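To keep things clear, I will list the structure first and then write my remarks on it.
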Amino acid sequence: QLQLVESGGGLVQPGGSLRLSCAASGFALDYYAIGWFRQAPGKEREGVSCISTSGIDTNYSDSVKGRFTISRDSAKNTVYLQMNSLKPEDTAVYYCAVDTRYFRSQAMCLAPTYNRWGQGTQVTVSS
């Protein structure tokens with residue numbers, strides 16, 4: 001069974017930090033490119049941060065660049081999204097996704113690239 005489970009979301013004040021986790025079971029994340037996406041109510045799903053299959057190349061949206069960091073822990077078979085200096089506009093459901101079809105030498109942050117998705121975790125940034 002192939003499964004992705006996000007966790008670590010919650011309510012934080014503006015300027016605060018959260019670390020999201022995406023735990024994989026049934027397959028090894030080291031073999032695949034991974035992406036973090038988010039979707040706010042009434043808005044389209046947005047690519048946030050992605051990492052190539054090798055883990056060498058990463059990509060970030062302009063809105064989170066310098067504040068968010070994607071990383072992968074092979075031993076735990078988990079990918080993380082460290083989110084710092086959070087803003088109210090970061091409020092959304094955050095999803096992790098995996099491309100099991102192709103080797104990606106460059107990080108891709110377009111949703112059609114990914115064919116395996118988690119169920120999401122809610123992040124709310126508010127006073």
Phi to ³J(HN,Hα) by Karplus 6.51 cos²θ - 1.76 cosθ + 1.60 over region 31-37, Hz, x for Gly, Pro:
8, 9, 6, 9, x, 9, 10
Per residue, how much accessible area does the chain have with a 1.4 Å probe, in Å²?
51
State the percentage of accessible surface on the chain attributable to carbon and sulfur atoms; use a 1.4 Å probe and exclude ligands, DNA and RNA.
47
Gain in span if fully extended, residue 127 to residue 62, counting 0.36 nm per residue against the direct Cα distance
21.0 nm
Assuming a viscosity of 0.890 mPa s and a temperature of 25 °C, what translational diffusion coefficient in µm² per second does Stokes-Einstein assign to region 60-114, Rh being the Kirkwood radius over Cα pairs?
187
Equivalent ellipsoid dimensions for region 15-96 as semi-axes, Å, which come from the Cα gyration tensor, largest first
22, 13, 12
Would you list which lysines come within 28 Å of residue 43, measuring only between C-alpha atoms, while excluding same-chain residues fewer than 8 positions from it?
65, 87
Highest mean first, what order results for 68-81, 91-104 on Cβ atoms within 10 Å?
91-104, 68-81
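The values are calculated or read from the model by the stated rules, or taken from the named source; none is laboratory data. Here the structure is a predicted model, which means the values were calculated and not measured. Don't worry about glycine lacking a Cβ; one is built from the backbone with ideal geometry, like all the others, and counts go over all protein chains shown. Protein only, heavy atoms only, side chains kept; ligands, DNA and RNA dropped before computing areas. Shrake-Rupley method; radii C 1.70, N 1.55, O 1.52, S 1.80 Å.
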